[in-house]
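One structure is given below, encoded as structure tokens.
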């Protein structure tokens, strides 16, 4: 029963995330926003909502150590999953398209967009991970870091909206618009923008309920089998709830829209290293150690590696992205061996 509840909750979250992403894409297209804004901000935040809402619900509604473990584990596990499994899927999509002779075996991306996103991610995540380890881990320090992270994200948004980038084109019509087309009703661009906004709000509200059900099932499963909630938070929750980012980026790469694919990943990483981390700093003890610390260090290490390649080679090799999946497999084995 617990597994069915968890599966149903994840299904609700993933369906709502797809609806949300569709809404922000159409919203961005109708307002003539750039690919950098839609990929790194609108789509990134939209598809990051599942793994963002889960730790928020776990921390704020499920008091105690179990809720805090699930929340902090999900917060730290999200960037790690993106920089390993997520980037692996982009590399896999490039390989598949190459074998189908639809594209060369190379990645097309906007160098400035990628460097900006990864720079902000590395700065924000490093502040949250290393400062509590170096200095006395007090609430005052937590408040200071949280403020710095939110300011950092505000600066990131400002620079992203000002940056030059290609315009976006939605690859699907608005879901809420389809019944109106079937009825043959006439409406204008302003109404579509409003309808897209309504679709976004509705998907968020339902997604929050799905996250609440998932956290509840997660806690019951961990208690029933005697596992630490951290093992589920570090592996199961981020992997499942980040399917929207991974799936959308995989499809975008197959279609040759690498800027949107990477923006969806890197923009989500910037968001996850600021807002959710700030919540963790403010409402938990934020003691990063053991497996959680290892996942954070691996995410930072791979982030530095990618930034190095883009800075000195002006691009990323698809083989490098394929090998990033090795880091994910290594971590899974490490977690399973630890809880053996």
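Bear in mind that the values in this text are calculations on the coordinates, not laboratory data. This one's a predicted model, so the numbers in the text were calculated from it and none came from an experiment. Here Cβ is always computed from backbone atoms with ideal geometry, including for glycine, and neighbour counts include all displayed protein chains.
Which shape class, rounded, prolate or oblate, goes with the stretch 1-41 when its Cα gyration tensor gives a ≥ b ≥ c as root eigenvalues, a/c under 1.5 marks rounded, and past that a/b bigger than b/c marks prolate?
Prolate.
Based on the Cβ-Cβ distance of residue 319 and residue 141, what FRET efficiency does E = 1/(1 + (r/R0)^6) give at R0 = 56 Å, to the nearest 0.05?
That gives a FRET efficiency of 0.85.
What's the ranking of 22-33, 312-323 by average number of surrounding C-beta atoms within 10 Å, highest first?
22-33, 312-323
Counting just the Cα atoms, what span does the stretch 107-165 cover along each of its three principal axes? Round to the nearest Å and put the largest first.
43, 23, 9
May I ask you to order 118-126, 300-308 by the average number of other C-beta atoms within 10 Å around their residues, highest value first?
118-126, 300-308
Classify the stretch 256-340 from the C-alpha gyration tensor, please: rounded if a/c falls under 1.5, else prolate or oblate depending on whether a/b exceeds b/c.
Oblate, since a/c reaches 1.5 and b/c is not below a/b.
Going by average Cβ density within 10 Å per residue, which order do the peptides 192-200, 11-19 take, highest to lowest?
11-19, 192-200
What full-extension length gain, to one decimal in nm, is calculated for residue 99 and residue 311 as 0.36 nm per residue of separation minus the Cα-Cα distance?
Gain on stretching residue 99 to residue 311: 73.5 nm.
Sorting 187, 2 on the 10 Å Cβ count, fewest up front, what's the list?
Least crowded to most crowded, the residues run 187, 2.
Would you mind getting me the FRET efficiency between residue 297 and residue 173? Use the beta-carbon distance for r and R0 = 51 Å, nearest 0.05.
Once rounded, the FRET efficiency stands at 0.75.
Just grab the label-to-label distance for residue 202 and residue 329, each label 7 Å out from Cα along the Cβ direction, in nm (one decimal).
The two pseudo-label positions are separated by 4.3 nm.
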